[in-house]
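Heads up, the thing below is written out as structure tokens.
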Amino acid sequence: MKTGVIGGGISGLLTSIRLSESGCNVYLYEEHTEVGLPEHCTGIVSKKTLKMMNAPIDECIKKEFTEIAFFNSKGESIKLKLNEPIFSIDRVCLEKKLLKIAEGLGVNVYLKTKVALVDHDRFYNFSTKKIEDFNNIVLAWGNSIQQNPPPFLHKRTSQIIGINRLIEIEGNIKEENYISVYFNHYLSPGFFSWKVPLNRGTFILGLGSLDPKKIPLSLNKFENELFGNNRIKIVKSYGGVINVSLPEAVAFPKKVIAIGDALGMSKPLSGGGIYGISKALNFDVTRINCEDVFEKIKSNIFNVLRELKKQERISRVFHNPSNQELLDETISFISKNYSIISSKAIDYDEHQNFILFPIFSPKLFLTMSLKLIRDKEYRKKLKKAIYSDLLD
């Protein structure tokens with residue numbers, strides 16, 4: 001069966017690989033001259049996600065982390081020990097590796113080729129100026145084409161602009177082995193900012209915001225708060241749209257599916273998209289043929305969307321600027337009682353369980369319970385956040 005895939009990012013490449021492994025005749029179209037560019041994300045993935053991708057990409061891993069520190073707007077922090085390692089990866093390296101695998105499987109790859117969907121089994125090729133027919137079509141384009149989605153895809157309601165800076169710091173900088181996340185809506189309204197240490201003195205700083213015009217000034221302020229008078233060299237800046245809400249409804253035509261950014265399959269709390277893509281494409285290709293694989297992927301996509309929808313409810317608590325006081329107080333209170341927290345519920349991908357992590361830590365659960373009993377005002381703030389954002 002002839003299958004066309006529009007988009008040569010991670011979602012398009014990984015989908016092409018799975019389709020080809022199942023015996024499909026795959027044609028992949030990418031509008032840029034090479035895969036992996038332009039860069040747009042920080043590139044943090046879990047061990048679980050890499051396993052689901054099932055690709056030999058060890059050389060694309062930059063650094064391993066097992067802890068994340070959460071900061072409030074006052075600079076207080078709590079450190080969480082993850083239940084499995086996460087990795088900083090080179091996205092360009094990753095996509096080039098996937099391209100090589102796809103080509104090795106016989107995927108027909110067309111770079112610098114822009115196409116547009118005509119109907120459910122055809123699209124127009126701007127290079128050949130011809131309409132091409134397919135048995136099935138996969139929409140795996142990026143956020144740049146999201147302004148006018150096909151009518152069967154419902155437009156998402158909320159997007160954040162995120163910018164990363166790769167920087168080098170001169171001077172005596174302490175080496176760090178954990179990722180820092182800053183919940184400070186005064187600096188990054190509607191999202192958060194982050195710091196990822198790579199080699200000594202080299203960091204990725206990032207910031208997401210509902211107000212794109214203020215991002216450059218906010219990033220400069222963020223750099224200054226972290227590194228003061230140290231001399232900073234900006235190696236490169238990159239970024240793009242971060243999806244923080246899922247499509248309200250999805251109804252695919254029989255011969256078309258969308259995956260990745262084309263559908264908005266990102267984790268709503270962090271905006272990371274590789275987990276959802278990898279999970280939707282995680283199945284045994286030896287047990288399925290080309291005639292059935294399309295429906296299998298479609299079914300998996302709906303299962304992933306249901307999981308991510310649960311995460312969306314959690315993310316609203318953290319992304320809502322009106323909850324800043326609650327976030328500040330919670331992090332401040334926990335930081336005074338614990339230096340590091342370890343819990344089975346602290347999963348980098350399954351954020352729907354994140355709010356339950358005190359239950360898996362009896363001492364923390366008792367401490368938080370006592371605060372809720374004794375502090376009436378805190379109880380009101382928490383109740384308001386939960387009932388307005390979780391139980392809608």
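Quick note: the coordinates plus some simple rules give every number you see, no bench work behind them. Here the structure is a predicted model, which means the values were calculated and not measured. As a convention, Cβ positions derive from the backbone with ideal geometry for all residues, glycine included, and neighbour counts pool all protein chains shown.
Overview of values
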{"item": "Qualifying trypsin sites (Lys or Arg not before Pro) in the stretch 280-350, DSSP loop, other Cβ atoms within 10 Å at most 14", "result": "K336, K344"}
{"item": "Part-to-part distance (alpha-carbon centres) for the stretch 14-69 and the stretch 329-343, which is given in Å", "result": "34 Å"}
{"item": "Listed residues I288, Y338, L370: farthest to the positive end of the dipole of the chain (Cβ charges)", "result": "L370"}
{"item": "Under Karplus coefficients 6.51, -1.76 and 1.60, residue-wise ³J(HN,Hα) of the stretch 234-241 in Hz, glycine/proline x", "result": "7, 6, 6, 10, 7, x, x, 7"}
{"item": "Neighbour-count order for T202, T42, T33, T128, fewest beta carbons within 10 angstrom listed first", "result": "T33, T128, T202, T42"}
{"item": "Whole-Å distance, taken between Cα centres, linking the stretch 216-254 and the stretch 70-96", "result": "14 Å"}
{"item": "Environment charge at S237 (Cβ cut-off 14 Å; Lys +1, Arg +1, Asp -1, Glu -1)", "result": "0"}
{"item": "Max mean-square fluctuation residue, GNM over the chain, Cα-Cα springs under 10 Å, options S127, S332, S73", "result": "S127"}
{"item": "Residues whose placed amide H lies under 5 Å from that of K62, excluding near-sequence neighbours", "result": "S88, I89, D90"}
{"item": "Helix 215-227 axis, angle to the chain major axis (alpha carbon atoms, nearest 10°)", "result": "50 degrees"}
{"item": "19 Å tail of the calculated P(r), the stretch 187-243, as % of Cα pairs", "result": "27 percent"}
{"item": "Residue-by-residue Karplus 3J(HN,Hα) for the stretch 322-328, coefficients 6.51, -1.76, 1.60, Hz, glycine and proline x", "result": "5, 9, 4, 4, 5, 4, 4"}
{"item": "Sparse-neighbourhood loop sites, trypsin sites (Lys or Arg not before Pro) in the stretch 83-115 - DSSP loop, at most 16 other Cβ within 10 angstrom", "result": "K112, K114"}
{"item": "Unmatched cysteines, the chain - criterion: no other Cβ of a Cys under 4.7 angstrom", "result": "C41"}
{"item": "Unit charges on C-beta of K, R, D, E only; dipole of the stretch 1-77, Debye", "result": "300 debye"}
{"item": "Principal-axis tilt of helix 376-389 within the chain, Cα atoms, nearest 10 degrees", "result": "10 degrees"}
{"item": "Rounded to 10°, Cα long-axis angle of helix 10-21 versus longest principal axis of the chain", "result": "50 degrees"}
{"item": "Residue-by-residue Karplus 3J(HN,Hα) for the stretch 198-213, coefficients 6.51, -1.76, 1.60, Hz, glycine and proline x", "result": "10, 6, 4, x, 10, 9, 9, 9, x, 7, x, 7, 6, 10, x, 5"}
